[in-house]
Protein chains: 2
Amino acid sequence: MKIDEINWKILQMLQENARVALKDLAKEVGLSSPTVAERIQKMEDAGVIESYNTKVNLDKLGYSLGVYITIKIRFGQTQRFEEFILTVPEISECHKLTGRDCMLLRGVVRDPKHLEELNVRLAVYGELTTSLILNSVMDGKIYCEHF
Amino acid sequence: MKIDEINWKILQMLQENARVALKDLAKEVGLSSPTVAERIQKMEDAGVIESYNTKVNLDKLGYSLGVYITIKIRFGQTQRFEEFILTVPEISECHKLTGRDCMLLRGVVRDPKHLEELNVRLAVYGELTTSLILNSVMDGKIYCEHF
DNA sequence: GCTGAAAAGTCCTATAT
DNA sequence: ATATAGGACTTTTCAGC
């Protein structure tokens, strides 16, 4: 799919605020609303626009510790682990990586005790290495041009 | 901030689709549109709703390799690194973690050559360990209840 | 804190270039 | 492929409960 400068601008604005009005997008890029709507529709159909999400601040809801956990899955447990991890509410990301500790998890917990409890649940499937997020310098940047 | 069952439902629907119409939210939770609008406004003001984002599929735009990179920052380079990393278009997340290799980066590149080129730019600031994302089992799950 | 109705604003569809 | 305009729909405002 070809993304011209206008579509990059539209993508940039949608990334900044998914609820922006068509009319404002249209004004910004210098096209009419129907045209912008059509361009967005095409990007959705092509899968370039995957979804419109709302970022919830879990810290404000009492989940103040962010964690990354690597797990070296025990032999033969991979499939069972992948099914299990989908059901764990504390975990929001699970990536299979190259390297020794092949699974990387991102999660959120209320406090150290909650983390310990989460670790126990996960440890069934393999050896864990847990790191706390001390500070997120950047989290979910906007892509607005080719690089 | 107190999040009752209705607000959780609203948050859940907004996380699934940030562009959902107020009218549909209202119908789903059994309240009028103005009430739902007011509840959303309050959650925005309280910082519980942080932002409305659009997820762009970078794979479809030619950036087919996702990577996690840990970097052990050279002594004294932390601040310079944190300023630098904000300007690197390939990197979308940067977290300071507990543990030995204190910075975790998430990025996206076109191909191995592009990755090599990115690594060279980053290696100025410390020792790198790069892992490719082979498969994302889960990426950005929806939180829809207390746990 | 919620509702309902009216006003304001936005979006969609059809038509035209 | 884009623009314009009218009608349809959605959101917001506000008086009242």
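Tabulated values for the structure
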item: Compactness relative to 2.2 N^0.38 Å, alpha carbon Rg of chain B; result: 1.37
item: Cβ-vector label at 7 Å, A:Asp59, separations to other copies in nm; result: 3.1
item: Teacher prompt: A:Glu38 distances to equivalent labels in other copies, 7 Å Cα→Cβ, nm; result: 4.2
item: √(5λ) per eigenvalue of the Cα gyration tensor, the protein assembly as shown, largest first, Å; result: 32, 27, 18
item: Closest Cβ on chain A to the rotation axis that carries it onto B (distance rounded to whole Å); result: A:Ala18, 2
item: Spin-label model distance (nm) - B:His146 vs A:Glu38, 7 Å beyond Cα toward Cβ; result: 5.1
item: Alpha-carbon Rg with Dmax, taken over region B:58-133, Å; result: 12.0, 39
item: Of the DSSP H helices in chain A, those whose Cα atoms cover at least 15 Å axially and whose Kyte score averages -0.5 or more; result: A:5-16
item: Selection from A:Ser33, A:Gly47, A:Asn57 lying farthest towards where the dipole of region A:28-83 points positive, charges on Cβ; result: A:Asn57
item: Nearest-first distances (nm) between copies at A:Asp24, label 7 Å from Cα via Cβ; result: 2.0
item: Rg [Å, one decimal], Dmax [Å, integer] - region B:5-45, C-alpha atoms; result: 8.9, 23
item: For the pair A and B, total buried accessible area rounded to nearest 100 Å², probe 1.4 Å; result: 6100
item: Portion, in percent, of the accessible area of region A:58-133 that falls on carbon or sulfur, probe 1.4 Å; result: 54
item: Nonlocal amide H pairs with A:Asn53, under 5 Å, H built at 1.01 Å; result: B:Ala18, B:Asn53, B:Thr54, B:Lys55
item: For B:101-109, mean number of other protein chain Cβ atoms within 10 Å; result: 3
item: Surface per residue (accessible, 1.4 Å probe) for region B:5-45, Å²; result: 54
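The values are calculated or read from the model by the stated rules, or taken from the named source; none is laboratory data. The structure presented is a predicted model; accordingly, all values stated were derived computationally and were not measured. Glycine gets a Cβ as well: all are built from the backbone with ideal geometry, and neighbour counts include every protein chain shown. Each accessible area value is taken on the protein alone, full model and side chains, heavy atoms only, with ligands, DNA and RNA left out. Shrake-Rupley method; radii C 1.70, N 1.55, O 1.52, S 1.80 Å.
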